[in-house]
Every structure is written in structure tokens, then in C-alpha cells.
Amino acid sequence: MSEVVLALSGVGFDYGSLRVIDELDLTVTRGELVVCVGPSGCGKSTLLALFGGHLVPTRGKLERHGQSRTIYQDGGLFPWLTVRENIERGLRRGITAGERGDKVRDWLAITHLAEFAHHYPHQLSGGMRQRVELARALAAETDILLMDEPFSALDYQTRTRMRRELVATLTERPRTVVFVTHDIEEAAQLGDRVVILGSRPTGVRRVLSLPPGRPRPPAAPGVAEAAQAILEELGLT
């Protein structure tokens, strides 16, 4: 039986009198990549904040087994630090200088950033900055990675490359991932499961299981069917 890492049972969350999430049930098991899609403003980012422990449910029960890091859509790199220094900021405290250097070099190699170690964020492309974000988050060695539309500002080709980069990095250093996106193609190609959320106050409308093999090409079995099902649930057909 798969180990449950995140679990929501009857969870609700209100911002004052505004009910954002209501009666939401969801479990995520170790090593899964779960993608959440839903209408704009339905509470996807709020759900990630609950998973990350930044918000506390108004109702219901939330279980989290392990530490998490979050990658946001607007980025969080320190512009005055180099690539190397930004990744180093992600490392846990208490390790020796030698260990820190080894780990930073390791992540620079995994994310193909070694030759840019001394560059600053403004000197990098959007895709490279997202690779630094990914390296910094994974360098923390947390159990759970929460991703809030991390590739939304990138062009189509760069988004496609970043999906491959993410999968390759997770192959090297497995994590449990909850990934929020508006991109239906991205959801169908990346997720082990796709959780379709309803309008606010949001709950789970439907959960789709995808065949193994991420990221899947558009013509892979199940991708077109999953994309169509998402469109139908969101009322876009």
C-alpha cells in the first residue's frame, strides 16, 4: 500500500466571510506528481498554502508527513545573489562548508547550470531562472515540492523543455509533487493524477489517473482523453 504524504479530509477554508474551499477530500502518496487544475480564482494557490502549512484549515483535517518547499509563478530568486549563492540559500543549516560546496556543485550539474554558477538572475533566460528555482527548492532535501504555476510566464518551447527538466530532476532526486497549473496540456502530460477542482467554494470535481511515462507526448495514450475530460469538467467545450 502506498504511503500517504498529504491528506485532506473535509477541509474548508474561509477568508473572513468568503468561503474559498469547502468539504475538500484529497490524498497524495509518496513519489506522486499530482497536478491540480480549476477555474481562475477557485482556490488552487490557497490549497498549496494549506499543504505547505502557511494557512490552517477553517474546517476539517489536514495531515502532512514531511517538510515542503514551494516554487511560485512570479519567482523568488534573490537578484543580488549569483546562481550558486541562490542555490546555497536552499540548503539546510548545520552542514559543513565542504558539504555545502559539494551539494551546490551537485545541483548545478543536475540542472545543467554549472557554467552559469557566477551569473546573476538578470543575466539568465526565463527558463534558466526557473531551473535555478527548481535546484534551490530541491537542494533543501524536503519531502514535498509544491509548485504554483511555475512555468506560466515562459514561452511554449521553454515550458516544454522545463517539463522535461522537472521530470529528469525528479528521476535523479525523487520527491512528492503537487503542481498547480492553468495549462490543460501541461496537466495531461505531466501528472500521474490530475485533480480537477470546481468553482469557489472549491471541492474536487473529478480525479483522472494517467498512464505511466511522464512527460507524455501529445499523442501518448490517455493524453488527449484526459485533456478532453478536463475541458468538459471546466465547461470549456
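The values are calculated or read from the model by the stated rules, or taken from the named source; none is laboratory data. Model, not experiment: these values are computed from the prediction. Every residue, glycine as well, gets a Cβ built from its backbone with ideal geometry; the counts of neighbours run over all protein chains shown.
Taken over region 12-36, the criterion of being without any contact (Cβ under 8 Å) to a residue 60 or more places away in the chain and among the charged types (D, E, K, R) is satisfied by D14 alone.
Considering region 41-88, and only residues there that are within 14 Å of the chain's Cα centre (by Cα) and among the β-branched types (V, I, T), the residue that is farthest from D25 (Cα to Cα) turns out to be I71.
Residue-wise test of (1) assigned by TED's automatic domain parsing to the domain that holds E186; (2) more than 30 Å from A226 (Cβ to Cβ).
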residue	(1), (2)
S17	yes, yes
R30	yes, no
V56	yes, yes
Y72	no, no
R84	no, yes
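Yes or no: region 213-227 includes at least one residue that is modelled with pLDDT of 85 or more, of a type in the set (D, E) and farther than 26 Å from M128 by Cβ.
Filtering region 213-227 down to residues modelled with pLDDT of 85 or more leaves 213-227.
Still in the list and also of a type in the set (D, E): 225.
This time we only want the ones that are farther than 26 Å from M128 by Cβ, so: 225.
Yes, region 213-227 contains a residue that is modelled with pLDDT of 85 or more, of a type in the set (D, E) and farther than 26 Å from M128 by Cβ.
Note on region 204-221: among residues that are out of contact with any helix residue (DSSP H, G or I) (no Cβ under 8 Å at 6 or more places or on another chain) and within 20 Å of T29 (Cβ to Cβ), the one that is surrounded by the most Cβ atoms within 10 Å (Cβ to Cβ) is V204.
Please determine, by comparing only the residues of region 178-190 that are in contact with a helix residue (DSSP H, G or I) (Cβ under 8 Å, 6 or more places away or on another chain) and closer than 29 Å to D14 by Cβ, which one is surrounded by the most Cβ atoms within 10 Å (Cβ to Cβ). Only one residue fits best here, namely V178.
In region 123-140, the residues that are closer than 12 Å to L113 by Cα form Cβ pairs under 7 Å with partners that are of a type in the set (F, W, Y) and surrounded by fewer than 23 Cβ atoms within 10 Å (Cβ to Cβ), at six or more places apart or across chains, as follows: L124/F116; M128/F116. If a residue has to be over 22 Å from the mean Cα position of the chain (by Cα) and not in a helix (DSSP H, G or I) to count, how many in region 215-237 make the cut? Residues meeting the conditions: 6.
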